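Everything on this sheet refers to the single structure shown next.
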Amino acid sequence: MNRENIRLLLVEDNADDALLLEENVSEINSGEIYGCRFDIDRVESLSAARSFLDEHDPDVVLLDLALPDSTGIETVYKFEPYLAETPVIILTGLTDSTAAVKSIRQGIQDYLVKGMITPDSLFRSVLYAVERHKMVTVIQSLAMVDELTGLYNRRGFLKLARHNMNLAKRKGFNVSLLFADLDDMKTINDRWGHKEGDRALVMAAQVLKRSFRESDIAARIGGDEFVVMSSGSSLCSDEVIKSRITKNIEDVKKSEPHSFDFLISFGVINPEPGDNLHIEQLLEAADGRMYDEKNRKKGGSR
């Protein structure tokens with residue numbers, strides 16, 4: 001975000017309230033003491049706000065709690081999928097203090113009381129919301145990353161995957177999930193030591209990073225268990241994924257000196273858009289396919 005140019009989305013159906021807020025924005029834009037400019041877009045319903053956010057990335061959302069298609073704290077609950085990416089300030093009436101406090105607990109950055117908004121209070125609220133959201137994002141990103149491999153950890157994966165699946169449902173995207181597991185990890189640790197075991201995990205992470213796009217969600221979710229969620233145009237057929245991973249395994253083996261056998265088993269699940277599966281169900285299904293491959297290598301059955 002450029003501090004000199006902050007883009008706001010106002011979600012407000014009352015024309016008079018919208019006009020008052022836009023007048024405050026105009027005063028901020030004309031005052032040299034503020035040192036930045038607010039650009040403002042306006043929609044009049046929660047559904048219109050969702051559609052706008054699917055296509056645009058405002059810096060801050062100003063969200064009225066009394067909309068034609070949603071009122072009160074339910075408006076915040078329905079807006080939850082967007083809170084991770086965009087700071088939100090709610091606009092309340094004098095009688096909505098309880099809803100305002102509940103909103104803060106749900107991840108809303110701040111609230112402004114209608115009829116009491118001034119250029120100064122609006123400016124401070126927007127700037128503070130942006131900075132707090134940046135700080136929270138940094139802290140959360142550190143808590144969601146696996147320190148050894150640099151991939152997301154289980155917590156980070158589940159949070160991002162659920163958001164990705166919600167977006168895919170709204171936009172009509174397909175998703176796929178790969179579940180991967182290092183073969184004979186216990187043998188590597190027992191025979192060669194945990195330092196080599198860590199090397200194997202890092203090599204597996206390198207394979208997945210090379211095999212998928214940066215926009216795909218790759219994670220280490222267990223000791224030697226990895227997952228990757230893909231969506232939209234990044235989807236490939238199972239055969240393409242298998243060929244790509246096989247090639248990258250060989251490339252990593254050549255570039256990384258190691259003493260152990262480095263093999264990865266994986267399974268891919270491609271649900272139909274209308275299946276309405278939860279992420280836990282996808283993980284279980286992909287895990288099952290991964291074990292089928294692992295057992296085929298061993299010549300056994302699950």
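In the context of the full set of protein chains, segment 47-121 has a per residue accessible area of 47 Å² (1.4 Å probe). Just the number: Rg to Rh for segment 71-114, Cα atoms, Kirkwood Rh, two decimals. Radius of gyration relative to Kirkwood radius: 0.93. Legend: residue pairs 209/253; 186/294; 209/294; 209/297; 209/242, Cα-Cα distance threshold 20 Å; pairs beyond threshold, 209/294; 209/297.
Can you tell me how much longer the chain between residue 23 and residue 71 gets when fully stretched, taken as 0.36 nm per residue apart minus their C-alpha distance, in nm with one decimal?
Working: separation 48, 0.36 × 48 = 17.28 nm, distance 2.48 nm.
In short, 14.8 nm is gained.
The computed Cα extents along the principal axes in Å for the structure shown corresponds, within (1) 73, 40, 32; (2) 90, 34, 30; (3) 90, 56, 41, to (1). Considering only 76, 61, 101, the Gaussian network model of the chain with Cα springs below 10 Å gives its largest mean-square fluctuation to 101.
For the chain, the carbon plus sulfur part of the accessible surface works out to 49%, probe radius 1.4 Å. Shape of segment 1-63 from its Cα gyration tensor (a ≥ b ≥ c, root eigenvalues): rounded if a/c is under 1.5, otherwise prolate when a/b > b/c, or oblate? Judged from the Cα gyration tensor, segment 1-63 comes out oblate (a/c at least 1.5, b/c at or above a/b). In this structure segment 127-186 gives 54 Å² per residue of accessible area when probed at 1.4 Å with all protein chains present. Sorted from greatest to least, the principal axis extents spanned by the alpha carbons of segment 54-136 come out as 30, 29, 23 Å.
The values are calculated or read from the model by the stated rules, or taken from the named source; none is laboratory data. On a predicted model such as this, the values are computed, not experimentally measured, just so you know. Heavy atoms of the whole protein, side chains included, go into the accessibility calculation; ligands, DNA and RNA do not. Shrake-Rupley method; radii C 1.70, N 1.55, O 1.52, S 1.80 Å.
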